[in-house]
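The values are calculated or read from the model by the stated rules, or taken from the named source; none is laboratory data. Computed from a predicted structure; not experimentally measured. Here the Cβ positions follow ideal geometry from the backbone for every residue, glycine too, while neighbour counts run over all protein chains shown.
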Amino acid sequence: MTRRTVLVINCGSSSIKFALRREGDGQAILSGLAERLGGEQATLAWKAGDQREQIQLGDGSHSAAMAALLPLIEQHADQPLSAVGHRVVHGGEHFTRAQRIDDSVISAITANAALAPLHNPANLTGIHAAMDVLPDIPHVAIFDTAFHQSMPAHAYRYALPQALYADHAIRRYGFHGTSHQYVTNQAGELTGRGTAKGAWLSAHLGNGCSSCAVLDGRSLDTSMGLTPLEGLVMGTRSGDVDPNLHAHLGRTLGWDLPRIEQLLNRESGLLGLSGLSNDMRQLEQAAEQGHEGAQLAIEVFCYRLARSLLGLGAALPRLDGLLFTGGIGENSARIRARTVEHMAILGLKIDAAANTGVGRGAAAPIHADGSTAIWVIPTDEERQIAEESLALLDQP
Ligand code: AMP
């Protein structure tokens with residue numbers, strides 16, 4: 001059987017991340033990044049197997065980047081594209097699953113832009129640019145929020161007046177759904193339960209971080225909320241703070257809302273706590289050398305993560321395993337070990353040798369004998385997007 005090929009697009013305000021994926025493959029045929037779009041220094045870089053290249057984009061528009069991508073796709077795909085899968089951050093309550101993109105889907109993504117003002121407009125720019133250069137191929141939107149639409153009301157409602165939910169869609173949505181879905185599907189397969197089977201706590205720890213409780217392929221609760229700021233400590237995002245902080249900063253320092261948004265989204269998290277960096281690798285090195293800010297940032301990160309995971313246990317009838325993924329979750333034995341130390345109340349215990357011995361890019365169990373399972377599972381959001389796009393097209 002011929003395996004189909006999907007172009008996966010993740011479009012930001014000044015970048016387009018792309019990958020050409022063949023159905024069922026764990027690796028991209030071609031992947032890369034167009035960066036600094038909108039300026040004169042725009043570049044397009046890609047790799048295919050061992051080959052890496054980069055070109056300057058004379059016209060740094062998103063459309064020019066998409067046009068420059070076309071010959072690369074033709075060169076590397078051995079058949080016409082079957083679909084283009086677009087990552088879209090916020091699907092609001094409209095979208096509980098992937099959607100074939102048409103005018104009504106574009107309108108609904110536009111309508112949700114108030115909920116994700118930084119992301120949805122950029123995602124739409126990518127959709128328009130790709131549809132212009134590939135008009136005859138099905139385009140599919142995959143939403144970061146869709147997987148969490150299975151949360152029950154007691155998990156997604158804030159304790160705010162009903163009208164704010166009913167009239168203004170203010171509720172918890174959750175993000176990183178593609179990643180939590182992918183790793184919990186994998187966990188079901190790797191443990192012999194079957195795809196999407198099992199009761200899991202999943203920790204996606206990258207620049208953005210979130211935790212999620214998943215039962216048999218359904219998200220029951222997650223740490224992010226109305227926006228991707230709620231929940232865990234992240235690279236530059238604060239995660240949870242006292243909601244009265246806004247009023248306090250306004251009153252005592254005279255800060256306005258844009259200043260406070262900047263503080264909580266760009267100056268906080270690991271960067272704010274450490275005073276050094278948002279990058280966990282760098283913080284681990286600095287902590288080893290005695291940097292107190294880095295040590296504190298790591299301690300707060302792990303403690304708050306453990307607290308979130310233990311809290312999410314309330315959503316599950318039992319626990320089949322704890323899963324670590326994302327750049328930090330997949331690569332940092334220290335963060336995994338410290339987090340699990342705070343979770344002894346669940347009887348979780350790490351095997352130190354297994355934890356430090358996990359190969360880069362490999363899935364592996366890291367729990368000690370007698371402990372509930374703990375796994376490292378590399379995420380692959382592009383693969384999930386490619387496969388969901390094809391699954392949608394296969395539906396009658
Ligand atoms: P992501 O957004 O998933 O690419 O993850 C980025 C984060 O992963 C950054 O904080 C990196 O410092 C962190 N990271 C990547 N590799 C390692 C590593 N070997 N040890 C610790 N953190 C790492």
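To keep it simple, each residue is scored yes or no on (1) among the acidic types (Asp, Glu); (2) in contact with an Asp or Glu (Cβ under 6 Å, 6 or more places away or on another chain).
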residue	(1), (2)
Ala48	no, no
Ile55	no, no
Leu81	no, no
Val89	no, yes
Glu93	yes, no
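Within region 367-388, being in a helix (DSSP H, G or I) and more than 16 Å from the ligand (Cβ to nearest atom) holds for Ala386, Glu387, Glu388. For region 239-266, the set of residues classified as in a loop (DSSP other than H, G, I, E, B) and away from the ligand (no atom under 16 Å from the Cβ) consists of Asp240, Val241, Asp242, Pro243, Asn244, Gly254, Trp255, Asp256, listed by residue number.
Might you let me know whether region 189-210 holds any residue that is free of Cβ contacts under 8 Å to residues at least 24 places away in the same chain and assigned to a helix (DSSP H, G or I)? Yes: one or more hits.
Test Asn278 against the stated conditions and say whether it is buried (at least 18 other Cβ atoms within 10 Å of the Cβ) and either at pLDDT below 95 or in contact with a Lys or Arg (Cβ under 8 Å, 6 or more places away or on another chain) (or both). Spelling it out, it is not the case that Asn278 is buried (at least 18 other Cβ atoms within 10 Å of the Cβ) and either at pLDDT below 95 or in contact with a Lys or Arg (Cβ under 8 Å, 6 or more places away or on another chain) (or both).
Taking the criterion of being within 16 Å of the ligand (Cβ to nearest atom) and among the hydrophobic types (A, V, I, L, M, F, W, C), the residues of region 171-201 that qualify are Phe175, Val183.
May I ask you to verify whether His204 is surrounded by 14 or more Cβ atoms within 10 Å (Cβ to Cβ) and within 16 Å of the ligand (Cβ to nearest atom)? Criteria met by His204.
Restricting attention to region 324-366 and to residues that are at positive phi and within 16 Å of the ligand (Cβ to nearest atom), the residue that is modelled with the lowest pLDDT turns out to be Gly361. Residues being farther than 18 Å from Leu190 by Cβ, of a type in the set (S, T, N, Q) and not in a helix (DSSP H, G or I) are entirely absent from region 336-345. Counting only strands (runs of 3 or more DSSP E) that sit wholly inside region 34-143, those with at least 2 residues that are in contact (Cβ under 8 Å) with a residue 40 or more places away in the chain and in contact with a His (Cβ under 7 Å, 6 or more places away or on another chain) are 83-88, 139-143.
Restricting Ala391, Ala373, Ala353 to those that are loosely packed, with under 15 Cβ neighbours inside 10 Å and in contact (Cβ under 8 Å) with a residue 40 or more places away in the chain reduces the list to Ala391.
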